[in-house]
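The values are calculated or read from the model by the stated rules, or taken from the named source; none is laboratory data. Not measured: the values here are computed from a predicted model. Positions of Cβ are backbone-derived with ideal geometry, glycine not excepted, and every protein chain shown enters the neighbour counts.
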Ligand code: THG
């Protein structure tokens, strides 16, 4: 499983402040730290409070690229902000994200072709997030069909079944696991899968324990990537162990340290 470092997000006060003050240091420090922990991508989200999302996203991309060569995951519901970010990305990026809503898919898959970008497709419609796995998989199928129609390679599509906090949406958990399993059967090549891991523990006690357990359970269902707290050592150790047990990495005595050097 690939870790997409979640920390450069304006929902965190230090990043919100950095964006406001145009101070690159907190952004660059988190970029370096998340890369050193084995992240394969860096999620960039300007957060809810920013007034000019377009210029903020462009700035986040530029300052992050000064210190890291990792591919970027541009996280916004504002597609003008995503496009502004893609324009300045030096390497192919990931677009985060598009729901199964036709006009949005039209814009995002067109953008994916233009910028050779990967795409996260959300298992939600204009009506919201369904509960059962069957409905989530049906929405994933719509995303797969549109991805294919636009000629975007299916393995550039990451389906996100959408993880809700377990203290309010406990019954969604098994549906998310089942969606992860079934998405792999939708097409050949199949789409990949991703989740926002920290969502599962928002508002709970003992967040790290919940995140870590959810991560390895989802890995066993075929999860390919997670937007996650890359600076949680225990999580990284659990993911590295999962990769060895799933035979994705060769065992050696220092497998956790090796995972951190791979930036898959
Ligand atoms: N799917 C996709 N993208 C996503 C999500 C998803 N992007 C955003 C989010 N979900 C993933 N990123 C985070 C980042 C931080 C937290 C949760 C998910 C988090 N933050 C603390 C909190 O809310 O308690 C903030 C603490 C603080 O303010 O210091 O947990 O699901 N495709």
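Counting just the residues of the range 163-195 that are touching a strand residue (DSSP E or B) at 6+ places or on another chain (Cβ under 6 Å) and away from the ligand (no atom under 13 Å from the Cβ), which one comes out farthest from residue 4 (Cα to Cα)?
Only one residue tops the list, namely 183.
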Counted residues, the range 101-127 - those being over 17 Å from the mean Cα position of the chain (by Cα) and within 23 Å of residue 163 (Cβ to Cβ): 6
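Let me confirm something: among 90, 25, 58, which residue is more than 30 Å from residue 138 (Cβ to Cβ), more than 16 Å from the ligand (Cβ to nearest atom) and either part of a loop (DSSP other than H, G, I, E, B) or touching a residue at least 60 places away in the same chain (Cβ under 8 Å) (or both)?
Just one listed residue meets the conditions, 90.
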Subset tally (residues that are closer than 23 Å to residue 76 by Cβ and in contact with a helix residue (DSSP H, G or I) (Cβ under 8 Å, 6 or more places away or on another chain)) for the range 224-246: 6
The range 38-49 - residue that is surrounded by 20 or more Cβ atoms within 10 Å (Cβ to Cβ) and part of a loop (DSSP other than H, G, I, E, B) and, of those, nearest to the chain's Cα centre (by Cα): 39
Residue list for the range 16-37, filter: out of contact with any helix residue (DSSP H, G or I) (no Cβ under 6 Å at 6 or more places or on another chain) and crowded, with 22+ Cβ neighbours inside 10 Å: 30, 34
Residue in the range 149-162 that is within 12 Å of the ligand (Cβ to nearest atom), in a loop (DSSP other than H, G, I, E, B), modelled with pLDDT of 95 or more and within 17 Å of residue 125 (Cβ to Cβ) present: yes
Hits in the range 116-140 (condition: buried (at least 18 other Cβ atoms within 10 Å of the Cβ) and not in a loop (DSSP other than H, G, I, E, B)): 118, 119, 120, 121, 122, 133, 136, 137, 139, 140
Residue count for the range 163-190, restricted to those that are touching a helix residue (DSSP H, G or I) at 6+ places or on another chain (Cβ under 7 Å) and outside any loop (DSSP other than H, G, I, E, B): 7
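Quick check on residue 198: is it in contact (Cβ under 8 Å) with a residue 24 or more places away in the chain, more than 16 Å from the ligand (Cβ to nearest atom) and not in a strand (DSSP E or B)?
no
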Single residue of 20, 53, 7, 13 found to be within 22 Å of residue 198 (Cα to Cα), at pLDDT 95 or above and over 18 Å from the mean Cα position of the chain (by Cα): 13
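Listed here are the residues, each with its yes/no results for (1) in contact with a strand residue (DSSP E or B) (Cβ under 7 Å, 6 or more places away or on another chain); (2) farther than 22 Å from residue 192 by Cβ; (3) in contact (Cβ under 8 Å) with a residue 60 or more places away in the chain; (4) within 14 Å of the ligand (Cβ to nearest atom).
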| position | (1), (2), (3), (4) |
| --- | --- |
| 206 | no, yes, no, yes |
| 215 | yes, no, yes, yes |
| 220 | no, no, no, no |
| 223 | yes, no, yes, yes |
| 228 | yes, no, yes, yes |
| 237 | no, yes, no, no |
| 240 | no, no, yes, no |
| 244 | no, no, no, no |
| 247 | no, no, no, no |
